[in-house]
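Contents: one structure, followed by commentary.
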Amino acid sequence: MLRSLPARSLVRPLIASFWLACAASIAQADPVADVQALAQKEQQPLLDTLRDLVNIETGSRDVEGLNVIAGRVADQLKQLGGTVEILQPADIYRLDDTPEKIGPAVHAVFRGTGTKKIMLIAHMDTVYLKGMLKDQPFRIDGDKAYGLGIADDKQGVALVLHTVAMLQKLNFKDYGTLTVLTNGDEEISSPGWRSTITRLASEQDVVFSFESGGADGTLRLATSGIGSAYLTVHGKSSHAGARPEGGINALYELSHQVLQMKDLSRPEQGLKLNWTVAKAGTNRNVIPAEATAQADARALKVSDFDELEKTLQEKIKNRLLPDSKVELKFEVRRPPLEANDASRRVAAYGTTIYGEIGLPLKVDEKATGGGTDAAFAALKTKGAVVEGMGLSGFGAHSNDAEYVQINSIVPRLYLTTRMIMDLSTAKLK
Ligand SMILES: [Zn+2]
């Protein structure tokens, strides 16, 4: 899930002085020139992979399609020499809208000779329903590649696969482990794979998440968290005209609860709680026995959700009608991603790497828009988590033609490959 803006041209022509600098040091193996040349060669194979991935419809509830794409991704990772498994979800965090069956994830590990642990994540599912692909098939028009789900997040999966391919072609193995995880439930808030992402990420030095970098390829170190609160009141029905005193009015209790929990937002710290949906009663002449309400919650810090839930659970003990029963369920649909020093360092190094090919790179640590799996990756790690490593793109979650900028492929392949190389050899600590 990523919000994007109309694309502007990302890539400026390489400056002449850059090539002169390369020529001067060409006698030795030059990672800048070698990786750059290889990235250019890798562009077409990446587009071929992207076409294949777009051609498999993979709505989050389309387990059949997700199994097909998982097989495709796993095969490619095996060919690249990884230890690969297709995992089925075991530990499901059931949300209000979680389907009964959740799609698989592909897990691959490449073992190197060094010590650094690096993980690459992307998601295989889309928000679209089966049958929509025919209206937005894969096609290339000028400098854009179009297709359903191409920006969110088929490009991410393709970029991960071809970054691994680049490292293999460079015969680079100085990392300790390079782990790949692609899951099939991101667009439904990752009920099946959140715990796996958190667990695997907790062992890493760096996690790169390959959602699109938006229109201008910005790396993101923070995203806001989304939660929901569900309030249920049980009362007792009775004839509203003949014997209202025999009932317990769940609607009255619900109103009391909502009003006493209406001022828990703290806008100055980005914490918001707003009651948005309510339902009570069945007939005009019956005292309602049941009433429910839902609230939308947002936070920038993980601990704010914990405190909010505690406050809510405390508040419901204060009842208007002591004989009613009040229950509150709080679910974290997505925790917020918070920037830390490690992620700041890694992202800042990214700007250096982009500088090698004459490109600017923006890093944003103000939370905007919805959350992603990067937030689950960051929950229990002290390492860096960087979101937005993917291609520049536009049109995610919309009926607009979704596309990626082809001229962002070479720079992004260069960026991820070079960052993995320097992280592994401790040029970046
Ligand atoms: Zn996404």
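Straight Cα distances below 17 angstrom link LYS41 to the lysines LYS169, with same-chain residues fewer than 8 positions distant left out.
For the chain, the longest principal axis of the C-alpha atoms and the axis of helix 409-424 are separated by about 90°. Reported to the nearest whole Å, the Cα centre-to-centre distance from the range 396-426 to the range 249-273 is 42. The fraction of accessible area contributed by carbon and sulfur in the range 225-334 is 52 percent, rounded to a whole number (1.4 Å probe; ligands and nucleic acids excluded). When the C-alpha to C-alpha distance is required to be over 26 Å, the pairs from LYS279/LYS329; LYS101/LYS382; LYS101/LYS154; LYS116/LYS144; LYS272/LYS380; LYS317/LYS366 that qualify are LYS101/LYS382; LYS116/LYS144; LYS317/LYS366.
At an R0 of 30 angstrom, the distance between the Cβ atoms of THR115 and ARG94 translates into a FRET efficiency of 0.20.
Round to a whole number: what % of the accessible area of the range 34-125 belongs to carbon and sulfur, probe 1.4 Å?
Working: 1920 of 4160 Å².
Carbon and sulfur atoms account for 46 percent of the accessible area of the range 34-125.
For the chain, the longest principal axis of the alpha carbon atoms and the long axis of helix 341-356 meet at an angle near 40°.
Beta bridges assigned by DSSP with both partners in the chain are antiparallel in approximately 75 percent of cases. Comparing Cα centroids, the range 289-305 and the range 188-202 end up 21 angstrom apart. Normalised radius of gyration (Cα atoms, divided by 2.2 N^0.38 Å) for the range 225-334: 1.17. The stretch between LYS315 and ASN283 holds 8.6 nm of extra length on full extension. This uses 0.36 nm per residue minus the Cα-Cα distance. Rounded to the nearest 20, the Cβ-based charge dipole of the chain about its Cα centre (Lys and Arg +1, Asp and Glu -1) stands at 500 debye. Quick one: compute the contact order of the range 138-248, relative version, from alpha carbon pairs under 8 angstrom and 6+ residues apart, as a percent. Relative contact order for the range 138-248 comes out at 21 percent. The GluC sites (Glu not before Pro) of the range 147-255 that meet both conditions, a loop assignment by DSSP and at most 14 other Cβ atoms within 10 Å of the site Cβ, are GLU203. Surface exposure of the chain, expressed per residue as accessible area with a 1.4 Å probe, stands at 43 Å². Helix 250-260 axis versus longest C-alpha principal axis of the chain: approximately 50°, rounded to the nearest ten. When you restrict to C-alpha pairs under 8 Å that are six or more residues apart and normalise by the size of the range 263-384, the relative contact order lands at 20 percent.
Across the chain, Cα pairs under 8 Å and at least six residues apart give a relative contact order of 24 percent. For the range 230-282, the dipole from Cβ point charges (+1 on Lys and Arg, -1 on Asp and Glu) about the Cα centre works out to 120 debye, to the nearest 20. The charge dipole of the range 225-334, taken about its Cα centre with unit charges on the Cβ of Lys, Arg, Asp and Glu (plus for the first two, minus for the last two), comes to roughly 180 debye. Each 10 Å bin, from zero up to the one with the longest distance, holds this percent of the alpha carbon pairs of the chain: 5, 21, 28, 22, 12, 7, 4, 1, 0, 0.
Adding -39500 (n - 2.57) for every DSSP H run of four residues or longer, then dividing by how many residues the chain holds, sets the calculated 222 nm ellipticity at -10000 deg cm²/dmol.
Cross-link partners for LYS134 among the aspartates and glutamates, with Cα-Cα distance under 19 Å and sequence neighbours closer than 8 places in the same chain left out: ASP48, ASP52, GLU57, ASP62, GLU64, ASP125, ASP152, ASP153, ASP400, GLU402.
The calculated FRET efficiency for ASP143 paired with THR352, based on their beta-carbon distance and R0 = 25 Å, is about 0.40.
The values are calculated or read from the model by the stated rules, or taken from the named source; none is laboratory data. Fair warning: this is a prediction, and the values are worked out from it, not measured in the lab. As a convention, Cβ positions derive from the backbone with ideal geometry for all residues, glycine included, and neighbour counts pool all protein chains shown. Only protein heavy atoms, including side chains, enter the accessible area calculation; ligands, DNA and RNA are left aside. Shrake-Rupley method; radii C 1.70, N 1.55, O 1.52, S 1.80 Å.
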